[in-house]
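Encoded as structure tokens, the structure appears first; notes follow it.
No value in this document is a laboratory result; all are computed from the given coordinates. These numbers were taken from a predicted model, which means no experiment stands behind them. Cβ: placed from backbone, ideal geometry, glycine included. Neighbour counts: every protein chain shown.
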Amino acid sequence: MLDQSQSGVRLAPGIASITNVNWPGLRALYVKEVRRFFKVQLQTIWAPAITNMLFLAIFTVALGRQGRTVLGHPFADFIAPGLIVMGMLQNSFANASFSLLVGKIQGTIVDYLMPPLSNGELLAALSGAAVTRAVLVGCAVWLAMQLWPGIHVMPRHFWAVAWFGVLGALFLAFLGILTSIWAEKFDHAASVTNFVVAPLSLLSGTFYSVNALAPTFRAISHANPFFYIISGFRYGFLGDADSPVMIGAIVVLGIDVVMGAICYALLRSGWKIKA
């Protein structure tokens with residue numbers, strides 16, 4: 001019998017040699033995904049900052065004149081945190097919905113399925129890269145707002161900024177992964193962006209307080225998960241929110257747990273990604 005140290009064979013074929021978390025593989029996939037969007041950072045990071053600054057300029061000029069206040073704060077200060085987190089959410093979804101989908105279309109999905117990564121490690125790397133892009137976009141928008149005269153966007157409760165920013169981006173990352181698993185072409189992913197993500201983010205109290213809505217529309221807004229993310233994130237900057245912050249924190253955490261479990265189950269089943 002050959003000596004195992006000399007032959008280089010440690011385990012028989014089919015027996016797992018990595019029994020714990022494959023940290024090198026997880027890190028390699030995460031770095032690959034981050035480098036993918038960072039190579040075109042002008043489009044993936046700085047362009048969203050410019051877009052949100054245009055939103056800020058337009059709505060401030062149109063609705064923020066004559067000293068208008070919302071929740072006791074100047075209108076520009078009120079919408080600024082919502083614009084930051086809205087850019088984070090949209091870009092987290094865009095990043096997560098691209099990787100597996102382009103792999104399926106180009107026939108390179110095997111690059112994600114063949115490495116010795118578990119479904120949980122694959123999910124962690126893809127969602128982690130999406131959250132990283134969201135945080136970078138949020139920082140870029142925040143820095144740009146520092147240069148805008150008359151706007152104050154300094155955090156008062158950093159824990160709320162971190163909690164709702166990261167968990168909100170994670171929620172959209174899971175939604176993006178679900179979309180990339182389900183979609184068969186870019187039109188499918190674009191339809192989710194245009195008919196789900198964009199309407200829910202714009203109608204979640206980013207530019208207004210839901211307390212000013214009629215009871216029916218206020219109830220509809222409270223059924224929108226984006227509302228809790230934006231309201232809690234705004235609380236981190238202003239100290240005021242449209243809803244109880246702790247309830248929102250629990251709701252967002254619960255949604256992330258459910259969405260993560262669904263993503264893991266679909267990756268494990270191989271639905272639409274494995275022959």
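Applying the Karplus relation 6.51 cos²θ - 1.76 cosθ + 1.60 with θ = phi - 60° to region 170-183 yields 3J(HN,Hα) values of 5, 4, 6, 5, 4, 4, x, 5, 4, 5, 5, 6, 6, 5 Hz, where x marks Gly and Pro. Cross-link partners for Lys185 among the lysines, with Cα-Cα distance under 18 Å and sequence neighbours closer than 8 places in the same chain left out: Lys104, Lys272, Lys274.
Each part gets one Cα centre, and for region 193-250 versus region 51-130 those centres are 16 Å apart.
Take the Cα of Leu200, step 7 Å toward its Cβ, do the same at Thr69, and the gap between the two points is 3.4 nm. Taken about its Cα centre, the chain carries a charge dipole of roughly 260 debye when the Cβ of each Lys and Arg holds +1 and the Cβ of each Asp and Glu holds -1. For region 69-76, 3J(HN,Hα) computed residue by residue from phi via the Karplus equation (6.51, -1.76, 1.60; θ = phi - 60°) reads 10, 9, 6, x, 10, x, 4, 5 Hz, glycine and proline entered as x. Considering helices alone, the calculated mean residue ellipticity of the chain at 222 nm is -21500 deg cm²/dmol, with DSSP H runs of length four and up weighted by -39500 (n - 2.57) and normalised per residue.
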